[in-house]
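If you scroll down you'll find the structure; I have some questions about it.
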Amino acid sequence: MGDRKQKDFVGPIILIVLGVLLLLNTTGVVPWEAWESLWRFWPVLLILWGVGIVFGRGSPIGRIVVLALLALFIVFAVSNIASESWWGWGRRAADRAAPRGALPYSKTLTVSSAQFSPSRVRLSADIGAGKVFIHTGSGGDILTAVASYSRASRAPRLVTSMAGSVLNVDYSTERGFTFLPFIYSRPDEHTLTLGRREIPTELDLEVGGGTLDAVLEGLSVTAVSIEVGGGTVKMGFPEAPTGRPAASSDWGARTLRFEIGAGTAEIAQIGNTGVQRVSGSIGSGTAYLDFGGTRLSGVVTGDIEVGAGKLQLHVPADVGVRLDCDIGVGSLRIDGRQYGRRGLGAHETWESANYAGASVRLDLRVEAGTGSIEVTSGR
């Protein structure tokens with residue numbers, strides 16, 4: 001009988017907590033909307049149930065682990081409710097009148113061309129999750145950012161500073177623990193417009209999760225750095241900038257750097273940037289690099305690491321290619337055909353037939369733990 005009582009202690013504690021919250025609701029101390037915030041943390045109850053099964057609720061270790069997790073659940077829930085602020089629930093009630101899935105908050109931020117006249121721009125964007133869209137324009141403001149987001153604490157921040165003639169623009173959103181995907185069907189959205197594409201620009205983009213979709217038409221780009229925890233990156237340079245190519249920036253040669261934890265990265269028409277150096281790493285997933293474009297010159301060098309997954313390279317027919325590959329387990333395929341041997345610890349060096357006489361050369365060193373490297377050539 002005593003054992004049975006020991007095994008039933010988690011359920012009564014949860015009922016007590018819910019009963020206290022109901023009492024506070026009925027007495028007017030806590031608004032009824034608090035249940036919406038509490039519901040965001042319901043997956044923790046599944047964790048408690050699983051821990052109880054693994055350890056056995058009657059065991060001392062099981063009781064300690066379950067009570068500790070339950071305490072954390074209460075702390076996170078209470079802090080989340082408090083962060084919403086009691087006086088903000090009136091506005092949130094009006095927000096809920098909008099169609100389900102709509103994001104209740106929005107904000108527009110601008111870096112005005114009338115306020116700044118930089119010789120260069122360095123844009124750093126740090127976005128925890130959601131969808132990010134970046135595109136270019138002509139004759140507008142240096143940057144216009146339009147954000148739609150699920151809670152007030154996730155409002156974006158914009159900070160600008162001048163370092164000599166270089167304008168530093170930092171755009172960021174709150175990174176925090178949340179179960180909002182269970183509440184809203186739409187992720188946060190951020191649309192960034194670079195309205196002065198003729199100004200030499202360096203991009204430093206970081207996305208924790210979600211998607212990044214960038215069409216940088218005609219942007220005079222000096223460097224691009226992309227970091228994605230998980231999700232998808234699609235970036236293209238469909239048109240080269242007009243006028244002279246941008247000179248190398250003060251912080252180094254024109255570079256493309258990417259770091260993908262998991263997911264997919266597609267970067268098209270890299271040649272329109274006049275890139276001189278490529279470096280990147282892929283934890284798992286796929287990276288597709290298309291070196292098409294009109295502004296490649298001389299020798300373009302690079303180092304790429306692939307933990308697992310696939311690296312796909314597309315190179316124009318008039319560009320010479322040299323690959324120096326270390327492959328743990330996997331393969332190297334050139335225009336659909338297997339090159340070299342398959343197996344553990346393969347080292348392969350491959351040169352295209354036109355490499356020696358090409359005016360533009362691509363020299364890449366690739367290390368792949370598992371997975372494959374594929375190269376296609378053509379227009």
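The values are calculated or read from the model by the stated rules, or taken from the named source; none is laboratory data. Note that the structure is predicted; figures quoted are calculated from it, not measured. Cβ sites come from the backbone with ideal geometry, for glycine too, and all protein chains shown count toward neighbours.
Select from region 130-144 the residues that are surrounded by fewer than 17 Cβ atoms within 10 Å (Cβ to Cβ) and modelled with pLDDT of 90 or more and write down the one among them that is nearest to Val207 (Cα to Cα). Before you say what the answer is, go through the steps one by one.
So in region 130-144, the residues surrounded by fewer than 17 Cβ atoms within 10 Å (Cβ to Cβ) come out as 133, 135, 137-140.
Narrowing further to those that are modelled with pLDDT of 90 or more: 133, 135, 137, 140.
Values: Phe133: 12, His135: 16, Gly137: 23, Gly140: 26 Å.
Checking each candidate, the answer is Phe133.
Test of understanding: among Ala125, Ala147, Ala152, Ala114, which residue is within 19 Å of Thr173 (Cβ to Cβ) and surrounded by fewer than 22 Cβ atoms within 10 Å (Cβ to Cβ)?
On the way: Ala125 fails: surrounded by fewer than 22 Cβ atoms within 10 Å (Cβ to Cβ); Ala147 fails: surrounded by fewer than 22 Cβ atoms within 10 Å (Cβ to Cβ); Ala114 fails: within 19 Å of Thr173 (Cβ to Cβ).
Exactly one of Ala125, Ala147, Ala152, Ala114 is within 19 Å of Thr173 (Cβ to Cβ) and surrounded by fewer than 22 Cβ atoms within 10 Å (Cβ to Cβ), namely Ala152.
Only one residue in Val299, Val275, Val329 is closer than 26 Å to Leu216 by Cα, assigned to a strand (DSSP E or B) and of a type in the set (Val, Ile, Thr). Which one?
Details: Val275 fails: assigned to a strand (DSSP E or B); Val329 fails: closer than 26 Å to Leu216 by Cα.
Going through Val299, Val275, Val329 in turn, the sole match is Val299.
Yes or no, residue by residue, for (1) under 22 Å from Gly357 (Cα atoms); (2) among the β-branched types (Val, Ile, Thr):
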| residue | (1), (2) |
| --- | --- |
| Gly263 | no, no |
| Ala268 | no, no |
| Gly283 | no, no |
| Phe291 | yes, no |
| Val300 | yes, yes |
| Glu305 | no, no |
| Ala308 | no, no |
| Leu323 | yes, no |
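Please verify whether Thr193 is assigned to a strand (DSSP E or B), in contact with a Gly (Cβ under 7 Å, 6 or more places away or on another chain) and touching a residue at least 24 places away in the same chain (Cβ under 8 Å), treating the condition exactly as stated.
On the way: assigned to a strand (DSSP E or B): yes; in contact with a Gly (Cβ under 7 Å, 6 or more places away or on another chain): yes; touching a residue at least 24 places away in the same chain (Cβ under 8 Å): yes.
Considered against the rule, which asks whether it is assigned to a strand (DSSP E or B), in contact with a Gly (Cβ under 7 Å, 6 or more places away or on another chain) and touching a residue at least 24 places away in the same chain (Cβ under 8 Å), Thr193 comes out as yes.
Another question, then. Of all residues in region 330-344, count the ones that are touching a strand residue (DSSP E or B) at 6+ places or on another chain (Cβ under 9 Å) and at pLDDT 80 or above. Spell out the reasoning first.
Filtering region 330-344 for residues touching a strand residue (DSSP E or B) at 6+ places or on another chain (Cβ under 9 Å) gives 330-336, 338-344.
Now narrow it down to the ones that are at pLDDT 80 or above: 331-336, 338-339.
Qualifying residue count, region 330-344: 8.
For (1) assigned by TED's automatic domain parsing to the domain that holds Arg254; (2) of a type in the set (S, T, N, Q); (3) touching a helix residue (DSSP H, G or I) at 6+ places or on another chain (Cβ under 9 Å), each residue gets a yes or a no:
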| position | (1), (2), (3) |
| --- | --- |
| Leu289 | yes, no, yes |
| Gly292 | yes, no, yes |
| Arg295 | yes, no, yes |
| Thr301 | yes, yes, no |
| Leu313 | yes, no, no |
| Leu323 | yes, no, no |
| His347 | yes, no, no |
| Ser352 | yes, yes, no |
| Ser359 | yes, yes, no |
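With the condition kept exactly as written, say whether any residue in region 150-168 is within 25 Å of Ala268 (Cβ to Cβ), within 21 Å of the chain's Cα centre (by Cα) and assigned to a strand (DSSP E or B).
So the first thing to find is which residues in region 150-168 are within 25 Å of Ala268 (Cβ to Cβ), and the list is none.
Within region 150-168 (the criterion being within 25 Å of Ala268 (Cβ to Cβ), within 21 Å of the chain's Cα centre (by Cα) and assigned to a strand (DSSP E or B)), the answer is no, since none of the residues qualifies.
Turning to a different aspect of this structure: Filter region 334-379 down to the residues that are of a type in the set (D, E, K, R) and over 22 Å from Gly271 (Cβ atoms) and list them by number.
Step one: of region 334-379, the residues of a type in the set (D, E, K, R) are 335, 337, 341-342, 348, 351, 361, 363, 365, 367, 374, 379.
Result: Arg337, Arg341, Arg342, Glu348, Glu367.
Give all pairs with beta carbons closer than 8 Å in which a residue from region 321-337 that is on the phi < 0 side of the Ramachandran plot meets a residue that is aromatic (Phe, Trp, Tyr) and at pLDDT below 85; count only pairs at least 6 apart in sequence or on separate chains.
Hits for this filter: Leu332/Tyr339; Arg333/Tyr339.
From the set of residues in region 225-255 that are modelled with pLDDT under 95 and touching a helix residue (DSSP H, G or I) at 6+ places or on another chain (Cβ under 7 Å), which is nearest to Glu189 (Cα to Cα)?
Going through the qualifying residues, I end up with Glu239.
Do the conditions hold for Arg361, that is, is it of a type in the set (Lys, Arg), outside any loop (DSSP other than H, G, I, E, B) and out of contact with any Asp or Glu (no Cβ under 9 Å at 6 or more places or on another chain)?
On the way: of a type in the set (Lys, Arg): yes; outside any loop (DSSP other than H, G, I, E, B): yes; out of contact with any Asp or Glu (no Cβ under 9 Å at 6 or more places or on another chain): yes.
So Arg361 passes the test.
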